[in-house]
1. Buried (at least 16 other Cβ atoms within 10 Å of the Cβ), part of a loop (DSSP other than H, G, I, E, B) and either touching a residue at least 40 places away in the same chain (Cβ under 8 Å) or in contact with a Ser or Thr (Cβ under 7 Å, 6 or more places away or on another chain) (or both) - does that describe any residue in the stretch 106-115?
2. Determine which member of the set VAL105, VAL78, VAL114 is touching a strand residue (DSSP E or B) at 6+ places or on another chain (Cβ under 9 Å) and more than 24 Å from ILE3 (Cβ to Cβ).
3. Could we say that PHE96 is assigned to a loop (DSSP other than H, G, I, E, B) and out of contact with any Phe, Trp or Tyr (no Cβ under 8 Å at 6 or more places or on another chain) here?
4. Report yes if ARG136 is within 14 Å of LEU79 (Cα to Cα), free of Cβ contacts under 8 Å to residues at least 40 places away in the same chain and of a type in the set (Lys, Arg), otherwise no.
5. Provide a single number: the residues in the stretch 18-52 that are surrounded by 19 or more Cβ atoms within 10 Å (Cβ to Cβ) and assigned to a loop (DSSP other than H, G, I, E, B).
6. Go through (1) of a type in the set (A, V, I, L, M, F, W, C); (2) at pLDDT 95 or above; (3) at negative phi one by one and return the number of the condition LEU167 breaks.
7. Scan the stretch 1-16 residue by residue and report those that are among the hydrophobic types (A, V, I, L, M, F, W, C) and either within 16 Å of the chain's Cα centre (by Cα) or loosely packed, with under 14 Cβ neighbours inside 10 Å (or both).
8. Among the residues of the stretch 53-85, write down those that are surrounded by 14 or more Cβ atoms within 10 Å (Cβ to Cβ) and part of a loop (DSSP other than H, G, I, E, B).
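The values are calculated or read from the model by the stated rules, or taken from the named source; none is laboratory data. Remember, predicted model here, so these are calculated numbers, not experimental data. For neighbour counting, all protein chains shown are included, and Cβ atoms are generated from backbone atoms with ideal geometry for every residue, glycine included. The area values use the complete protein model at the heavy-atom level, side chains included, leaving out ligands, DNA and RNA. Shrake-Rupley method; radii C 1.70, N 1.55, O 1.52, S 1.80 Å.
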Amino acid sequence: MNILIVQGHPDASAPHLCHALADAYAEGAEAGGHALRRISVAEEPVTFLRSRKEYDEGPLPEYARAAQEAVAWADHIVLVFPLWAGGMPALLRAWFEQCFRESFVMEVKDGRMVRHLKGKSARLIVTMGMPSLFYRWYFGQPGTKLLRRSVLGFAGVRPVHQTLIGLVDRMTPQKAEGWFETLRALGRRAE
């Protein structure tokens with residue numbers, strides 16, 4: 001299976017837990033014999049769209065064109081990012097707005113919507129300071145719900161599974177290693 005890992009942590013100045021989690025998933029995927037590509041959003045010259053006209057007609061930056069090619073190649077997309085202000089960091093959101101432009105993800109043919117990414121699956125791996133159950137049940141997981149339904153789901157990506165990792169500021173090395181092993185296993189199975 002072709003797997004694309006998108007590292008969505010916006011800080012490339014030092015390794016973070018998100019980087020180690022992505023590495024663990026990649027180790028498992030490689031051990032499982034899967035083909036692997038990686039994108040680190042923080043290392044891309046991400047630009048922000050500022051109008052509908054720019055979204056519809058503006059030139060596609062080269063990094064977005066390369067990302068679209070990687071997404072088209074992938075059977076399974078893994079997104080790793082920290083939860084900031086209830087959702088994905090602004091840099092990752094801007095990356096999605098550039099790469100997942102409407103012309104890339106869908107078109108209308110004979111009055112029907114054709115979703116270009118149909119047949120692909122995804123996994124969100126999201127770290128957060130709060131307990132993950134609190135994010136899921138009390139807040140209703142607005143940030144991941146938006147990504148699962150309105151971005152990936154709109155493009156036809158299904159199923160979209162998620163791994164929510166809470167209380168990361170208090171995580172012990174033993175607990176972190178447990179998560180790394182879980183992600184290695186998911187990577188081996190391409191889930």
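1. Within the stretch 106-115, none of the residues are buried (at least 16 other Cβ atoms within 10 Å of the Cβ), part of a loop (DSSP other than H, G, I, E, B) and either touching a residue at least 40 places away in the same chain (Cβ under 8 Å) or in contact with a Ser or Thr (Cβ under 7 Å, 6 or more places away or on another chain) (or both).
2. Working: VAL105 fails: more than 24 Å from ILE3 (Cβ to Cβ); VAL78 fails: more than 24 Å from ILE3 (Cβ to Cβ).
One residue alone meets the criteria, VAL114.
3. Numbers: assigned to a loop (DSSP other than H, G, I, E, B): no; out of contact with any Phe, Trp or Tyr (no Cβ under 8 Å at 6 or more places or on another chain): yes.
No.
4. Numbers: within 14 Å of LEU79 (Cα to Cα): no; free of Cβ contacts under 8 Å to residues at least 40 places away in the same chain: yes; of a type in the set (Lys, Arg): yes.
No, not satisfied.
5. So the count comes out to 2.
6. That leaves (3) as the condition not met.
7. Our first condition is that a residue be among the hydrophobic types (A, V, I, L, M, F, W, C); within the stretch 1-16, this holds for 1, 3-6, 12, 14.
Scanning the stretch 1-16 gives ILE3, LEU4, ILE5, VAL6, ALA14.
8. Listed by number, the residues that qualify are GLY58, LEU60, PRO61, ALA74, ASP75, LEU83.
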